[in-house]
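The block underneath contains the structure these notes are about, expressed in structure tokens.
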Amino acid sequence: MNDIDINTKNNDSDSVGDIDSSSSRGWAKLKRNKAALVGGIFLLIYIVCAFGAPVLFWGNPSAPDLINSLSPPCAKYLLGTDELGRSILGRILYGSRVSLMIAVGVVGVGLLFGVPVGLISGYFGGKTDFIIQRFTDMLLAFPGFLLALALVAILGVGLKNTVISIGISMIPIYIRLVRGCVLTVREEVYVEAARASGTKDRHIILRHILPNVLAPIIVQTSLGMGTAILFAAGLGFLGIGVQPPTPEWGSMLGSARAYMMGKPHVATFPGIAIFLAVLSFNLLGDGLRDAFDPRSKI
Amino acid sequence: MINFLLKRLLAIIPVLLGITLLLFFMLRMLPGDPAQVLAGQMASPQDVEMIRTQLGLDQPVYIQYASFLNRLVHLDLGLSARTQNPVIQEIWARLPNTILLSLCAITMACVFGIPAGIIAAVRPYSWVDYLVTIASLFGISMPVFWLGIMLMIVFSMTLQWLPAGGIGTWKHLILPTVTLASFVVAFIARMTRSSMLEVLSQDYVTTARSKGLKENLIIIKHALKNALIPIITVVGLQFGLLLGGAVLTETVFAWPGLGRLIVDSILARDYAVIQGSILIFGLLYTLVNLVVDLIYAFVDPRIRYE
Amino acid sequence: MRKKVRLKHFRQLFTCMIAVAMVAFLLSPVAGSAQIKELKIGIGVDADTLNPQEQTTTLFQNICDLIYGNMYYQDPAGNVHPRLLAKHEVSEDGLTWTLHLKKGVQFSDGALYNADVVKQTWDRILNPKMRVPLRFAVSMVKECVKIDDYTIQLNLKYAFAPLNATLSMALVSPISPAALEKYGEDVRQHPVGAGPYVLTEWVKGDRIILIRNKTYWGKAPTVDKLIFKIIPEAITREAMLRTGEIDICYKPLPSNVAALKAQSNIKVEMPLDTRTIFMGLNCQKGVTMNKKVRQAFNYAIDKKAIVDRILFNTAQPMDGPVSPKVFGYAKMDHQYDYNPEKAKQLLKEANFDFSKTINMRTPNGRYLFDKQVAEVVQAYFQAIGIKVELRTYDWPTYVAGLLKPIEETELEVFLLGWGPLFLDADMALYGQFTTEVNPPKGLGSSFYTNTAYDEIMTASRKEQDLNKRFELLKQASGIVWEDCPWIWLHVEKFVLAYSSKIKNLVVTPTEKFYPTYITME
């Protein structure tokens, strides 16, 4: 499946200021990676579903049709219907919007807070770093899903709160990641040179450091989106996720539990949807890592 | 070694303080009166008043925090709004079950994940390697509750081989353990594979090979020992994921553990119990990370001096 | 060879068994029935408290009944039988009830049961400092006075005809005075009563184990040990019933009832319940103030389809404001059959503002498929052009929302269930629709108020004559049915699935079951 050796040591590729050529090499590598390609294709389908849901599915995904409830897949309902007679296909298509929204929102929260804080922490060091790191320790002391659970308990249920809760649980991961990368980049000659020539800190961070820590951030973003979908599905399954009748995959699976014995299709299709979406992010994330950030491991 | 141990223990203190601080403010972030929140919606005014005096809500925040810590030290986590029982009792009754399940799952994950990773690394790009890679990707991408329910339908309802839920005999452990271990196995296998691959390309392995040492010996004695550090790190980190997954697994398999308690408490707005159980999970996770660090030092003495 | 040996063993075993059975037959007070060692019952949640005065959940009141016994027992047909109370007399004005206690009863810890104990129980119930969430059910009682060692007197604030049925509630079961002394309020964890069973083990979140009370005053139970296993997931519970890990499955999922019924080794019983499920409509605020709008809402929803497709016939549509199981029920002449055209016409007559979005709320998982029912109601509304936003809440928040006074309430349309705890319409008709129970004083969260209705209900409480009382309740039903403070949805059934080996399990319309005297094949 993997065409390239994950662990090739390519110290040459991240030489000073040579970002463009190393990234183009990365792209070439990525394209050769079949697994990543499969992931990318899945992802593309998924995004098309999310944006094209109204075009792909004409009806209202929340409109019940009680007479046809729990219908197995048939010509009228390609993937069958759920307990209220709603088209499962329609709900999965519209559900892809919700889950994409969650994935992007969650990672957005993580990036928005995690990256700047990580940059500052790593670049300035000293007391700032110490305080930020203790704060990160504090958040990291809770397993991610549990932190999200606790936050939902405080903020309450709903789409927005789901995104915020899972997003916050991801912030420390980004802080750690970015800080770690900054620490290695900070000592590089070109950063030292920039600093010596009196370049402003902000400029150094944005121009010299950020581009060099971008690769691991991108990898983490892809993997993080997968995790976000899984977490949101978990919350939905426990009944503390988004509100009905919003078609969210996890809560679809959660309600479908009741019908799994006799009508397994009700649970199977949302289950497959979650699985494929997460899988595609993971495949792509793996490919991205192999291509752009071969030294990191997880 | 003792020095390292002491240092490492000291380093935990700020983390612990951080955990308590976070939980302390968690309650105060909620809208409304913390005493009312803790007592629950059904509580009588007397109950609320009692909690108010106990929390010292009329005093400055730092004193409230200090008394919160003081109560924690005395294992006083307050009363559950739902059962009127001390929270620590509620937790104590369920903690061993969660620990048992987590330990079984992590053991199983190591027992299957590490060998799978080694085999995949020893024969890269063989069908075994692909199988491990694909299987681990499946494991990582599978929603754990879905897997759990499917396993239950197949092995309990259809085949009737294993009990569907609850605790009791070792048989009750199988399905929850497999479910919970599934994605951790995947992570560990992946990590072991990449770590082993790296080590196997190192000079000393080549040297060992050129000396004509047996391949098995090389793998176990030279490569594995050096590949172990990142593997241990992963196992430690995965423990966190495992505890999160335990919430879902316990729900599916009626496992009376701490995860299920949290979910029940969230649904019942029993904040004292939520606070207490999250705290215990935090402590547990911190403890695991400490143990991981100690194992590090044991496996690789260099780390102590860093 | 081996077969022979086995056969021989069998014969020996068989002889032994017969001998044992005969001895048991001779010794046992229950003639003819073999003692059953244990019975495993799968339930969904763990008990919060086993203090009967504190308990609000039917299932745990059920367990309390087994531990404490009841003052009176109301059978599934509604007849009241003596238990810890031998009999009672009511004064002419209905304000004084004299209760005669059963003599010679002991609590399982040996403490004596007498008038002092019963008075102590009532004092605790009536003490506003004690946590008694269901106190409203006995709010007519002013005080309890001891007459002699085995007689007490209840003085009422107002006459209340169905007080005898009220006395069948776990709410008024006495706790052993010795246990109260020993444990204080912690008695909720260490229940001691005078019932047929005794709590021996309670593993939090996993199981509650009761064993037979050896000193029980009544007929000895046929089951030695009852194990209540806590299994939160309904499908897991059903799976365990199928695999034989449990003998009784409490409330399996409606969606799986048909599959369970198809199993030859499983019996499914589902008597009609007292609990009615409805959509409360705020009668004093918002668009639902208009009676025509409320009636239109009733026509807009196909209740039969909900019962049939969503609830798999584990319920039946309401045809009167109370469950057919309670005294005072009468089927209403006019029915709000599904008629979206009529609904639209009524809305038009009421000048309904279709641009406004109505807020609907529902608990999630409290009643059979409550969220799904609410989603369907929402869809029926949308089908006639009404915009509805649905929200789910956890139960404590939901109840807090129900209890807010009219000035603060945000309720517009809300799903709720109301199940009288004994078989009388009073708790539903009085407890939901009189002005007196409008929040925050009660849970009549529709804020229905009608002076004529209030007068009839007050009169019904004073009426000792059953026939006259029935007429009053029927009259009140007619008024409220016409006014539609609710969308009348359905009456739930109490579903219990159990091994078909079990015979004589008592299952009541108040959602209780008593395995005390079962036999097994």
Legend entry - residue B:135 versus residue A:56: modelled label distance in nm, points set 7 Å from Cα along the beta carbon direction: 3.2 nm
Legend entry - Those residues of the range B:113-140 whose amide nitrogen sits under 17 Å from the label point placed on residue B:220, 7 Å along Cα→Cβ: B:114-120, B:122
Legend entry - Where labels lie 7 Å past Cα in the beta-carbon direction, separation of residue B:13 and residue C:155 in nm: 6.6 nm
Inset, instruction - For chain A, with all protein chains present and a 1.4 Å probe, just round the carbon and sulfur fraction of the accessible area to a whole percent. - result: 68 percent
Legend entry - Residues of the range B:77-113 buried by at least 40 Å² on assembly (accessible area, 1.4 Å probe, chain alone as reference): B:82, B:83, B:84, B:85, B:94
Inset, instruction - Give, rounded to the nearest 20 debye, the magnitude of the charge dipole that the range C:69-176 has about its Cα centre when Lys and Arg contribute +1 at Cβ and Asp and Glu contribute -1 at Cβ. - result: 340 debye
Inset, instruction - Any chance you could give the angle, 0 to 90 degrees and rounded to 10, that helix C:58-68 forms with the longest Cα principal axis of chain C? - result: 30 degrees
Inset, instruction - Residues in the range C:186-226, backbone N under 17 Å from the label point at residue C:106 (7 Å along the Cα-to-beta-carbon vector): list them, ranges by number please. - result: C:192-199, C:212-221
Inset, instruction - Set the Förster distance to 60 Å, then compute FRET efficiency between residue C:389 and residue C:504 from the Cβ-Cβ distance, nearest 0.05. - result: 0.75
Legend entry - Candidates B:126, B:136, B:210, ranked by Gaussian network fluctuation over chain B, Cα under 10 Å, top entry: B:210
Inset, instruction - Evaluate E = 1/(1 + (r/R0)^6) for residue C:462 and residue B:24, where r is the Cβ-Cβ distance and R0 equals 56 Å; express this FRET efficiency to the nearest 0.05. - result: 0.50
Inset, instruction - Return, ordered by residue number, the residues of the range C:449-469 whose backbone nitrogen is under 20 Å from a label point located 7 Å along Cα→Cβ of residue C:87. - result: C:464-466
Inset, instruction - Measure off 7 Å from each Cα along the Cα-to-Cβ vector at residue B:46 and residue C:285, then give the distance between these two points in nanometres to one decimal. - result: 3.1 nm
Inset, instruction - Run the accessible area of chain C with a 1.4 Å probe and give the carbon-and-sulfur part as a rounded percent. - result: 53 percent
Legend entry - Estimated FRET transfer efficiency (residue A:38, residue C:333; beta-carbon r; R0 45 Å; 0.05): 0.10
Inset, instruction - Please work out whether chain C counts as rounded, prolate or oblate from its C-alpha gyration tensor, where a ≥ b ≥ c are the square roots of the eigenvalues and a/c under 1.5 means rounded, while otherwise a/b larger than b/c means prolate and anything else oblate? - result: oblate
Inset, instruction - First compute the accessible area of the range B:87-299 with a 1.4 Å probe, then give the percent of it belonging to carbon and sulfur atoms. - result: 73 percent
Legend entry - Most mobile of A:199, A:184, A:81 in a GNM of chain A (Cα contacts under 10 Å): A:199
Inset, instruction - Report the chymotrypsin sites (Phe, Trp or Tyr not before Pro) located in the range A:21-123 that are in a DSSP loop and have at most 13 other Cβ atoms inside 10 Å of their Cβ, or state none. - result: A:58
Legend entry - Fully extended contour minus Cα-Cα distance, from residue B:111 to residue B:169, at 0.36 nm per residue: 18.7 nm
Legend entry - Sequence-distant residues sharing a close amide H with residue C:391 (under 5 Å, placed H): C:360, C:361, C:362
Inset, instruction - For the A and B pair, go ahead and give the buried accessible area with a 1.4 Å probe, both sides summed, in Å² to 100. - result: 4400 Å²
Inset, instruction - Any lysines with Cα under 24 Å of the residue B:171 Cα? List them, leaving off those in the same chain fewer than 8 positions away. - result: C:37, C:40, C:204, C:225, C:229
Inset, instruction - Working from Cα positions, state the angle (0 to 90°, nearest 10) between the long axis of helix C:2-27 and the longest principal axis of chain C. - result: 80 degrees
Legend entry - Mean residue ellipticity (222 nm) of the protein assembly as shown, computed from DSSP H runs ≥ 4 via -39,500 (n - 2.57), nearest 500: -17000 deg cm²/dmol
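The values are calculated or read from the model by the stated rules, or taken from the named source; none is laboratory data. Quantities reported herein were computed from a predicted structural model and do not represent experimental measurements. So basically every Cβ, Gly included, is an ideal-geometry build from the backbone, and we count neighbours across all protein chains shown. Calculation scope for accessible area: heavy atoms of the full protein, side chains included, ligands and nucleic acids excluded. Shrake-Rupley method; radii C 1.70, N 1.55, O 1.52, S 1.80 Å.
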